[in-house]
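Asker: After the structure tokens below, expect a handful of questions from me.
The values are calculated or read from the model by the stated rules, or taken from the named source; none is laboratory data. Because the structure is a prediction, the values reported are computed rather than measured. Cβ coordinates were reconstructed from backbone atoms using ideal geometry, including for glycine residues, and neighbour counts include every protein chain displayed.
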Amino acid sequence: MRHMNKLIVMLSLSGMLATTASAYKWGKVTDEDKAITAPADYPEANAVIIIDTAAMKITMDAIETRHYVRIKILTPAGVNEAGDRTITYLPGSEKIKGFQAQTITPKGKKIKVKKDAIFTKRVGEFREKTFTFPALEPGAILEYKYRVLSDSYRYLEPWFFQNDLYTMVSTFSVTLPEGFIYNVAFHNVPRHKRKAAVKEKPVLNSSGTGMTKIRTFTWSMENLPPIKDEPFMGSVDNYRSSLRFQLLSYQDAYNKVTFVKNWADIGNQVQTFLDDVCNKKGEIKKLAQQVTAGASLPLAKSLALYAYVTDSFKTNYDYQHYLFRHEKLSGLLEEKVGTPEEKNLLLCRMHKAVGIKAWPVLISTRAHGFFDPNNADMRQFDYLLAYVEFDEGGRYLDATSHYAPYGVLPPSCLTNGGLLIDGKNSELVRVLSVEVDSRRVDHTKVYVAGDSVRCHTSCLLSGYFASKFSRLYERSTPEEFVKKRVLDKSGHEYTLHDYTCTTDTTGDFEVTADFTCGDLTEKLDNNLLVSPLTFYFASNPFKSESRFFPVDFTFPFTYSNIVEVFVGDTADSTLMPEDISLEIPGASFVRECGRTDSSLVVASRLTVSQAQFDPRDYKKLRRFFDEVAGSNEEQVTVMLATGE
């Protein structure tokens, strides 16, 4: 009888979900769909999402979410923007069922997405199913649907109302019986959109002794501009309108289940896991004592341990492994290769072994998204730092890179807070960044001799620049790094002949390169035009005319670019670009030109004194960088001596 009552409840739930899905019939294109053009509030749209809907059904047996998406291509450019779609899921706790996708051409022909157009790849602990629609052209309708079956009641995926395309309607609904206690958190959702439409349906309770209610809560948003991945923005998810539905507990006459605990409980569970990972305690203690044998003060010991872990263990950036590459720290000690998180965990244990207080701290990196302390969800985190404490204060450490200065976190870790792991005493903490002077100085010498142009560039990086570039350096070959991260940014063709990448005792990181550049000069009549090289902000990175979210440079910085042009005795006279001085709130740019006894000098300095710029200031900032980029195109004119 109880099984029959459970079946009645499940059938009732299915009926309520079917009502939501029936509003958009699979394969049927309406006259309204055909009439859709670019929205008045976003006329540059090349494709639009007509409807994006998810209907979640929760029972004590499983959680099922039915997804349906319909898209229309408006212009030829929309083919590339909308033609590939991706579904992300967590294997083990989630399964994709009933996947279908098809293109409906403007003439009404239906063409299904074939299996050979579907690809699955691993991204950390997740999987991404990417598929490509066939027969794409303006006017085509694309639609796909699938179900997600999940047994994870603690961690429900958030719903993002905004997408990478303009979204006309986005709807999320949850259907669940009485007994569930839940919480709903909103991000970037207007207050008047936070109240759900509620439907109730009476059904027989699980004991068969009376009636209970099944409720469906529905939230909708309309006419949402796209949030696309753009330069200097951090995580896209930080700016999308979203809803997080969280189950807290369930109770009926027979069961009481708590799904979500507090941060201290989560930290205690993580502590148990880390304690199991950290074997070889005696070997780690002996090793830590050997490394710090010549040091007496705690800070000196910490510096020695940091240098040892960064230098002695190669960092593996393969994020096919989630946090840890090895099951135990013994694997790291033996192989001498580990993930950043493994190295930081070892750094914590070595500090504790010599009597220095240290704890692992879980954080969400800037690319992963903002950290919400009100949402006790372990999946907010994607990185582990070390925190060490002395009498004079504490330091956050990241032992990833051999080249990164002690105590200077990589820019990706400049976040608002995290979870310090200390068993039952685990607690939320602020991740305080160290204020450092972050500078980049490029000094290029250009030697012009006839048609040959030889160049020598020195790129000196300090502060967060050094921390950022050192990690990039270790993730590629040295030559690939010099080309991709420095020389390619100029936009000029070149041939690399020699290079160096070094660091000094202050933590500064320096790159030098010797190369020839064939398109730096242009001869016009008896004049030689020379283009000064620049490798940072050579062009304006802000291409979009408008922006609905902040510009985030991560940290304030100064970029200096000095170009010396040597033309020998071939010059009769020269014409230099005019000096420039630009300034807006939060940024300034100065260029000065002059001559020495042997060279022509173009020196510029870009200063960004605030890390974030409000969307209301975007157009002003974009114009500023237009002028900066325009100054980079101004050439030095050398009037050649007669006979040259």
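Asker: Do we find a residue being part of a strand (DSSP E or B), within 22 Å of S458 (Cβ to Cβ) and at pLDDT 95 or above anywhere in the range 632-639? Can you show your working first?
Answerer: From the range 632-639, those part of a strand (DSSP E or B) are 636-639; that's our starting set.
Then drop every residue that is not within 22 Å of S458 (Cβ to Cβ), which leaves 636.
Now narrow it down to the ones that are at pLDDT 95 or above: none.
Within the range 632-639 (the criterion being part of a strand (DSSP E or B), within 22 Å of S458 (Cβ to Cβ) and at pLDDT 95 or above), the answer is no, since none of the residues qualifies.
Asker: I would also like to ask the following. Please determine whether any residue of the range 217-235 is within 21 Å of the chain's Cα centre (by Cα), closer than 28 Å to I266 by Cβ and part of a loop (DSSP other than H, G, I, E, B). Break it down stepwise before answering.
Answerer: Residues of the range 217-235 within 21 Å of the chain's Cα centre (by Cα): 225-235.
Add one more test, that the residue is closer than 28 Å to I266 by Cβ, and what stays is 234-235.
Then keep just the ones that are part of a loop (DSSP other than H, G, I, E, B); that gives 234-235.
The answer is yes; a qualifying residue exists.
Asker: Among residues belonging to the range 250-275 that are in contact with a Leu (Cβ under 8 Å, 6 or more places away or on another chain) and part of a loop (DSSP other than H, G, I, E, B), point out the one that is modelled with the highest pLDDT.
Answerer: Filtering the range 250-275 for residues that are in contact with a Leu (Cβ under 8 Å, 6 or more places away or on another chain) and part of a loop (DSSP other than H, G, I, E, B), the one modelled with the highest pLDDT comes out as F259.
Asker: Same structure again: Residues P91, P134, P138: which one is at pLDDT below 95 and of a type outside the set (F, W, Y)?
Answerer: Being at pLDDT below 95 and of a type outside the set (F, W, Y) holds for just one of P91, P134, P138, which is P91.
Asker: Ok, one more. Tell me, please, whether a residue that is closer than 18 Å to Y239 by Cα, touching a residue at least 12 places away in the same chain (Cβ under 8 Å), assigned to a loop (DSSP other than H, G, I, E, B) and of a type in the set (D, E, K, R) can be found in the range 171-179.
Answerer: No, there is no match, as no residue in the range 171-179 is closer than 18 Å to Y239 by Cα, touching a residue at least 12 places away in the same chain (Cβ under 8 Å), assigned to a loop (DSSP other than H, G, I, E, B) and of a type in the set (D, E, K, R).
Asker: Which of the residues spanning the range 453-473 are buried (at least 17 other Cβ atoms within 10 Å of the Cβ) and not small (G, A, S)? Give the steps one after another, and end with the answer.
Answerer: Here is the first cut: in the range 453-473, the residues buried (at least 17 other Cβ atoms within 10 Å of the Cβ) are 453, 455, 457, 459-471, 473.
Hits for the range 453-473 are V453, C455, T457, C459, L460, L461, Y464, F465, K468, F469, R471, Y473.
Asker: Residues being free of Cβ contacts under 8 Å to residues at least 40 places away in the same chain, assigned to a helix (DSSP H, G or I) and over 22 Å from E341 (Cβ atoms): count how many of those fall in the range 276-307.
Answerer: 4
Asker: With respect to the numbered conditions (1) more than 24 Å from G234 (Cβ to Cβ); (2) part of a helix (DSSP H, G or I), which one is the sole condition not fulfilled by K619?
Answerer: For K619, the failing item is (1).
Asker: Now, a different point. Output the qualifying pairs, or none if there are none: Cβ atoms under 6 angstrom, residues six or more apart or on different chains, first residue in the range 180-202 and assigned by TED's automatic domain parsing to the domain that holds R240, second residue loosely packed, with under 11 Cβ neighbours inside 10 Å.
Answerer: Every condition considered, the pairs that remain are P202/M211.
Asker: Identify the single condition in (1) within 24 Å of V434 (Cα to Cα); (2) in a loop (DSSP other than H, G, I, E, B) that E578 does not satisfy, given that it satisfies every other one.
Answerer: (1)
Asker: Exactly one condition in (1) in contact with a helix residue (DSSP H, G or I) (Cβ under 8 Å, 6 or more places away or on another chain); (2) among the hydroxyl-bearing types (S, T, Y); (3) more than 30 Å from L397 (Cβ to Cβ); (4) surrounded by fewer than 22 Cβ atoms within 10 Å (Cβ to Cβ) is not met by T503; state its number.
Answerer: So the condition that T503 fails would be (3).
Asker: Moving on. Only strands (runs of 3 or more DSSP E) wholly contained in the range 357-470 count here; list those with 3 or more residues that are among the aromatic types (F, W, Y).
Answerer: Values: elements: 357-363, 383-390, 393-397, 417-420, 427-430, 439-449, 452-461.
By residue number, 383-390.
Asker: Shifting gears a bit: Looking at (1) more than 29 Å from the chain's Cα centre (by Cα); (2) at pLDDT 95 or above, which is the one condition that is false for F172?
Answerer: Of everything listed in (1) more than 29 Å from the chain's Cα centre (by Cα); (2) at pLDDT 95 or above, F172 misses just condition (1).
Asker: Which residue, of F555, F537, is assigned by TED's automatic domain parsing to the domain that holds C593, part of a loop (DSSP other than H, G, I, E, B), buried (at least 17 other Cβ atoms within 10 Å of the Cβ) and at positive phi? Before the answer, list the steps.
Answerer: Numbers: F555 fails: at positive phi.
Residue meeting the stated conditions: F537.
Asker: Of all residues in the range 127-162, which are among the polar types (S, T, N, Q), surrounded by fewer than 18 Cβ atoms within 10 Å (Cβ to Cβ) and not in a strand (DSSP E or B)? Working first, answer last.
Answerer: Of the residues in the range 127-162, the ones among the polar types (S, T, N, Q) are 130, 132, 150, 152, 162.
Next cut, surrounded by fewer than 18 Cβ atoms within 10 Å (Cβ to Cβ) only: 130, 132, 152.
Once the filter is applied, which keeps residues that are among the polar types (S, T, N, Q), surrounded by fewer than 18 Cβ atoms within 10 Å (Cβ to Cβ) and not in a strand (DSSP E or B), the range 127-162 yields only S152.
Asker: Of the residues S598, S581, only one is exposed (fewer than 15 other Cβ atoms within 10 Å of the Cβ), closer than 23 Å to D451 by Cα and among the polar types (S, T, N, Q); which? Can you show your working first?
Answerer: Numbers: S581 fails: closer than 23 Å to D451 by Cα.
Matching residue, one of S598, S581: S598.
Asker: Ok, one more. Find the strands (runs of 3 or more DSSP E) located wholly in the range 56-116 whose residues include 1 or more that are surrounded by fewer than 17 Cβ atoms within 10 Å (Cβ to Cβ), and list them.
Answerer: Filter on the range 56-116 gives 84-89, 94-104, 110-112.
Asker: Which pairs have Cβ atoms under 8 Å, sit 6 or more apart or on different chains, and link a residue in the range 250-275 that is touching a residue at least 60 places away in the same chain (Cβ under 8 Å) to one that is assigned to a helix (DSSP H, G or I) and surrounded by 14 or more Cβ atoms within 10 Å (Cβ to Cβ)?
Answerer: Between residues of the range 250-275 that are touching a residue at least 60 places away in the same chain (Cβ under 8 Å) and residues that are assigned to a helix (DSSP H, G or I) and surrounded by 14 or more Cβ atoms within 10 Å (Cβ to Cβ), the close pairs are I266/M378; V270/M378; L274/L345.
Asker: Can you tell me which residue is modelled with the highest pLDDT among those in the range 201-233 that are of a type in the set (D, E) and loosely packed, with under 14 Cβ neighbours inside 10 Å? Break it down stepwise before answering.
Answerer: Just the residues of the range 201-233 that are of a type in the set (D, E), to begin with: 222, 229-230.
Now narrow it down to the ones that are loosely packed, with under 14 Cβ neighbours inside 10 Å: 222, 229.
Working: E222: 97, D229: 83.
Filtering first and then ranking leaves E222.
Asker: Only one of (1) more than 23 Å from the chain's Cα centre (by Cα); (2) in a helix (DSSP H, G or I) fails for H492. Which number is that?
Answerer: All conditions are met except number (2).
Asker: Would you point out the residue of the range 430-452, among those that are at pLDDT 90 or above, over 16 Å from Y499 (Cβ atoms) and out of contact with any Gly (no Cβ under 7 Å at 6 or more places or on another chain), that is surrounded by the fewest Cβ atoms within 10 Å (Cβ to Cβ)?
Answerer: Y447
Asker: Okay, moving on. Given (1) surrounded by fewer than 19 Cβ atoms within 10 Å (Cβ to Cβ); (2) touching a residue at least 40 places away in the same chain (Cβ under 8 Å), where does E335 come up short, assuming only one miss?
Answerer: Condition not satisfied by E335: (2).
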